[in-house]
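What follows is one structure encoded as structure tokens, with my remarks underneath.
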């Protein structure tokens, strides 16, 4: 699921600034009333952010035998993909060496191929001729979900939600012959064939890379969205070949029919939502009474999807009753409901009989000047005005200031880590990182950085701190109980270190204080929208792959799994978070 981060403003009296991260982009926090005075109750309603889900019945699929095929006319929308996801359900009854879904000519364009001896492959013109190799034998009399994903820098082939092959690729996916898209067919210079017998269902072509990690195959009918280029449900009751996208790429049949044998029958995707507001409240609607400008953030979680929205309330400070009643030298006391004198100056009156205001010596604000206040005063005895007392030596666990922000730190074993993601906008020497750092709701999650920021050799961490390396992460994982043989594997979070990932999370009962916030990632070299915010946390390491220096190893933790991924990606293709670690002394 792809979630998009957008920032916008609404011009209304409360000056509500909306920050929406959502796959349901029309929803937002509802504020009532829109006009309010400081201290007046305001209702915030986030129930509209929850998805109602979809439900229905999948009654039929496309059926074809030897000699049968379906044709989809080629258009500009179905050509020259800068990014693409092509996915479908496939059920094989009998085989021949044939393209399942493809552009029509055998060695141009793209195609998903049943290759001898009965294995799934993805061919792309100008790229791999047989992505998948002999990795995945196609089963008989069994539904399988197939997805080919291209994100602008890498081709990935998934079967039943599991990655079976990937390969670097650049440039658009094109067909030099501009052929139609077909099912169960290919042609060559001297002939053509349609050799398969089987079923196909829920074919979707999208102009975006919808999957970046292993996923659960969608067992429901898709709804067309802004990225859908073609969507064929093969529903015999509404038109077997009709395209449900906005493009109307309706197909034509040559002998194909319909079948009631489907990959899923009835479906209902509704999940009960949970709400978490920044003030700790957990109901869909809350009542607040802002006395000054205040920001409220809500995260709505449903299953493996999350949506975040925020609103900035700026109440009217000129109302009376309220702050607008108060004259110079007085301020509004919301508890008393009236104006009170501002805190008096240090010396209440001038001249020989000046009196000292005791409030200035009440260091703990308990309303009295007592022994503790006197001890605090003695701690600065004999210092000149503006001089600060000598600070205690810094130790891990204390906040660490860097570029105007105090980072929390945590000791984990023998290592001292940042307990939050980096948000620096400049290198250590003060040079700007420019457009290589992107907001991922920075107040909560920090910034996202291209891998080039890590790989270029300039430090983005404070002095005596560094971007954590692969070895730093391995030491952390083994401190959490992983065996070295397990830690050294490269795998995704649903199959690696399944007992260690939860210890890195903020809300975990066995948390070690790492506070793995889910800041999402930038998916693609030109991406500026954050994917997976509130769902995934991904962190670059400073360690390059031994086989390819342009690939950096990274870690991934998800809120839906308990493991820790250890994978590598191109330095320019993604934007991830960064965690700094203190250099060994």
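If residue 552 passes every condition in (1) in contact with a strand residue (DSSP E or B) (Cβ under 6 Å, 6 or more places away or on another chain); (2) closer than 23 Å to residue 307 by Cα but one, which one does it miss? Here residue 552 clears every test but (2).
Can you tell me which residue within the range 444-470, out of those that are farther than 23 Å from residue 394 by Cβ and touching a helix residue (DSSP H, G or I) at 6+ places or on another chain (Cβ under 7 Å), is surrounded by the fewest Cβ atoms within 10 Å (Cβ to Cβ)? Among those residues, the one meeting the criterion is 452.
Given the criterion loosely packed, with under 15 Cβ neighbours inside 10 Å and assigned to a strand (DSSP E or B), identify the matching residue among 170, 192, 176. Before the answer, list the steps.
Numbers: 170 fails: assigned to a strand (DSSP E or B); 176 fails: assigned to a strand (DSSP E or B).
Only one candidate passes the filter, namely 192.
Of the residues 498, 474, 480, which is within 25 Å of residue 164 (Cα to Cα) and surrounded by fewer than 22 Cβ atoms within 10 Å (Cβ to Cβ)? Steps first, please.
On the way: 474 fails: within 25 Å of residue 164 (Cα to Cα); 480 fails: within 25 Å of residue 164 (Cα to Cα).
After applying the criteria, what remains is 498.
When the test is whether a residue is surrounded by 14 or more Cβ atoms within 10 Å (Cβ to Cβ) and either under 28 Å from the mean Cα position of the chain (by Cα) or under 30 Å from residue 474 (Cα atoms) (or both), residue 394 does not pass it.
Report yes if residue 158 is outside the structural domain of residue 563 (by TED's automatic domain parsing), more than 22 Å from residue 74 (Cβ to Cβ) and not in a loop (DSSP other than H, G, I, E, B), otherwise no. Before the answer, list the steps.
Working: outside the structural domain of residue 563 (by TED's automatic domain parsing): yes; more than 22 Å from residue 74 (Cβ to Cβ): yes; not in a loop (DSSP other than H, G, I, E, B): yes.
Yes.
Of all residues in the range 489-510, those satisfying the criterion of being touching a residue at least 60 places away in the same chain (Cβ under 8 Å), within 19 Å of residue 415 (Cβ to Cβ) and not in a helix (DSSP H, G or I) are 497, 500. Looking at (1) without any contact (Cβ under 8 Å) to a residue 40 or more places away in the chain; (2) outside any loop (DSSP other than H, G, I, E, B), which is the one condition that is false for residue 472? If we test residue 472 against (1) without any contact (Cβ under 8 Å) to a residue 40 or more places away in the chain; (2) outside any loop (DSSP other than H, G, I, E, B), just (1) comes out false. Say whether the condition of being over 27 Å from residue 198 (Cβ atoms), modelled with pLDDT of 90 or more and assigned by TED's automatic domain parsing to the domain that holds residue 306 is met by at least one residue in the range 79-87. Scanning the range 79-87 turns up no residue that is over 27 Å from residue 198 (Cβ atoms), modelled with pLDDT of 90 or more and assigned by TED's automatic domain parsing to the domain that holds residue 306. Scanning the range 331-345 for residues being part of a strand (DSSP E or B) and either in contact with a helix residue (DSSP H, G or I) (Cβ under 8 Å, 6 or more places away or on another chain) or modelled with pLDDT of 85 or more (or both) gives a total of 5.
Could you pull out the residue among 139, 128, 172 that is closer than 26 Å to residue 261 by Cα and in contact (Cβ under 8 Å) with a residue 12 or more places away in the chain?
The unique qualifying residue is 139.
Inside the range 296-318, can you point out the residues that are in a strand (DSSP E or B) and free of Cβ contacts under 8 Å to residues at least 24 places away in the same chain? The answer is none; no residue qualifies. Considering only the range 268-289, I want to know if a residue exists there that is out of contact with any helix residue (DSSP H, G or I) (no Cβ under 8 Å at 6 or more places or on another chain), over 30 Å from residue 42 (Cα atoms) and in a loop (DSSP other than H, G, I, E, B). Yes, there is a match, as at least one residue in the range 268-289 is out of contact with any helix residue (DSSP H, G or I) (no Cβ under 8 Å at 6 or more places or on another chain), over 30 Å from residue 42 (Cα atoms) and in a loop (DSSP other than H, G, I, E, B).
Pick out the one residue from 513, 524, 519, 563 that is in contact (Cβ under 8 Å) with a residue 24 or more places away in the chain, assigned by TED's automatic domain parsing to the domain that holds residue 450 and under 11 Å from the mean Cα position of the chain (by Cα).
On the way: 513 fails: under 11 Å from the mean Cα position of the chain (by Cα); 524 fails: under 11 Å from the mean Cα position of the chain (by Cα); 563 fails: under 11 Å from the mean Cα position of the chain (by Cα).
From the options 513, 524, 519, 563, the qualifying one is 519.
Please tell me if residue 448 is outside the structural domain of residue 308 (by TED's automatic domain parsing), modelled with pLDDT under 95, in a strand (DSSP E or B) and within 16 Å of the chain's Cα centre (by Cα). So residue 448 fits the description; yes.
Within the range 139-152, which residues are surrounded by fewer than 19 Cβ atoms within 10 Å (Cβ to Cβ) and more than 20 Å from residue 494 (Cβ to Cβ)? Spell out how you get there, then give the answer.
Filtering the range 139-152 for residues surrounded by fewer than 19 Cβ atoms within 10 Å (Cβ to Cβ) gives 139-142, 144.
Matches in the range 139-152: 139, 140, 141, 142.
The number of residues in the range 246-261 being within 22 Å of residue 210 (Cβ to Cβ) and surrounded by fewer than 20 Cβ atoms within 10 Å (Cβ to Cβ) comes to 3.
Pairs needed: first member in the range 373-398, under 26 Å from residue 413 (Cα atoms) and outside the structural domain of residue 362 (by TED's automatic domain parsing); second member anywhere, assigned to a loop (DSSP other than H, G, I, E, B) and modelled with pLDDT under 80; C-beta distance under 6 Å; at least 6 residues apart or different chains. Going by the 6 Å Cβ cut-off, there are no qualifying pairs.
Checking the structure you have, find out if any residue of the range 545-559 is outside any strand (DSSP E or B) and touching a helix residue (DSSP H, G or I) at 6+ places or on another chain (Cβ under 7 Å). Talk me through it step by step, then tell me what you get.
First, the residues of the range 545-559 that are outside any strand (DSSP E or B): 545-550, 559.
Retained after the next criterion (residues that are touching a helix residue (DSSP H, G or I) at 6+ places or on another chain (Cβ under 7 Å)): none.
Within the range 545-559, none of the residues are outside any strand (DSSP E or B) and touching a helix residue (DSSP H, G or I) at 6+ places or on another chain (Cβ under 7 Å).
Mind telling me which of the residues 135, 108 ends up being more than 33 Å from the chain's Cα centre (by Cα), over 16 Å from residue 206 (Cα atoms) and not in a strand (DSSP E or B)? Don't jump to the end; show me each part of the working.
Working: 135 fails: more than 33 Å from the chain's Cα centre (by Cα).
Of the residues listed, the single one that is more than 33 Å from the chain's Cα centre (by Cα), over 16 Å from residue 206 (Cα atoms) and not in a strand (DSSP E or B) is 108.
When you look at residue 262, is it touching a strand residue (DSSP E or B) at 6+ places or on another chain (Cβ under 9 Å) and part of a strand (DSSP E or B), yes or no? The answer is no for residue 262. Of the set (1) surrounded by fewer than 16 Cβ atoms within 10 Å (Cβ to Cβ); (2) modelled with pLDDT of 90 or more, all apply to residue 402 but (1).
The values are calculated or read from the model by the stated rules, or taken from the named source; none is laboratory data. This is a predicted model, so every value here is computed, not measured. FYI the Cβ positions are ideal-geometry reconstructions off the backbone, even for glycines, and counts take in every protein chain you see.
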